[in-house]
Amino acid sequence: MKYAFIQVHAHEHRVTCLCRVLQVSRSGFSAWQGRPDSVRAQRHRLLIERMRVLHQQTRQAYGARRMWWLLKRVGEPCGRHRVARLRRMAGIVA
């Protein structure tokens, strides 16, 4: 979270100053920038894309619970609460 804040505000202040204020190392921030997304973040991104496609196919009528059942039916392993959380994050609303 701190690294994302530094990345957003790097055009306003020096990165070294932001790192010092937030008490993180500059090398840690640099390593974070070059690091690929975690497996979980990649799965979340793919699941959100899948939900968007299904959302359009169902005429944007399905809520989180029905979307969860639909995902289970098409063979996408996920939990109901995860579907609800990712829908909120992605702004997918019935």
Taking the range 32-65 and keeping residues aliphatic (A, V, I, L, M) and in a helix (DSSP H, G or I) leaves Val39, Ala41, Leu46, Leu47, Ile48, Met51, Val53, Leu54, Ala64
Considering residues that are in contact (Cβ under 8 Å) with a residue 40 or more places away in the chain and among the aliphatic types (A, V, I, L, M), the number found within the range 31-62 is 2
Considering residues that are open to solvent by less than 50 Å² (accessible area, probe 1.4 Å) and either part of a helix (DSSP H, G or I) or in contact (Cβ under 8 Å) with a residue 40 or more places away in the chain (or both), the number found within the range 3-30 is 10
Subset of the range 66-81, residues part of a helix (DSSP H, G or I) and either within 14 Å of Glu49 (Cα to Cα) or open to solvent by less than 50 Å² (accessible area, probe 1.4 Å) (or both), comes to Met67, Trp68, Leu70, Leu71
Here the residues within the range 82-94 that are surrounded by 13 or more Cβ atoms within 10 Å (Cβ to Cβ) and outside any loop (DSSP other than H, G, I, E, B) are Arg82, Val83, Ala84, Arg85, Leu86, Arg87, Ala90
Counting only residues in the range 34-64 that are hydrophobic (A, V, I, L, M, F, W, C) and within 16 Å of the chain's Cα centre (by Cα), the one farthest from Arg85 (Cα to Cα) is identified as Val39
- Answer yes or no: is there a residue in the range 45-53 that is hydrophobic (A, V, I, L, M, F, W, C) and in contact with an Asp or Glu (Cβ under 8 Å, 6 or more places away or on another chain). yes
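The values are calculated or read from the model by the stated rules, or taken from the named source; none is laboratory data. Since we're looking at a predicted model, the values are computed, not measured. Ideal geometry is used to build each Cβ from the backbone, glycine not excepted, and the neighbour counts take in all protein chains shown. Please note that ligands, DNA and RNA were not included when accessible areas were found on the heavy atoms of the full protein model with its side chains. Shrake-Rupley method; radii C 1.70, N 1.55, O 1.52, S 1.80 Å.
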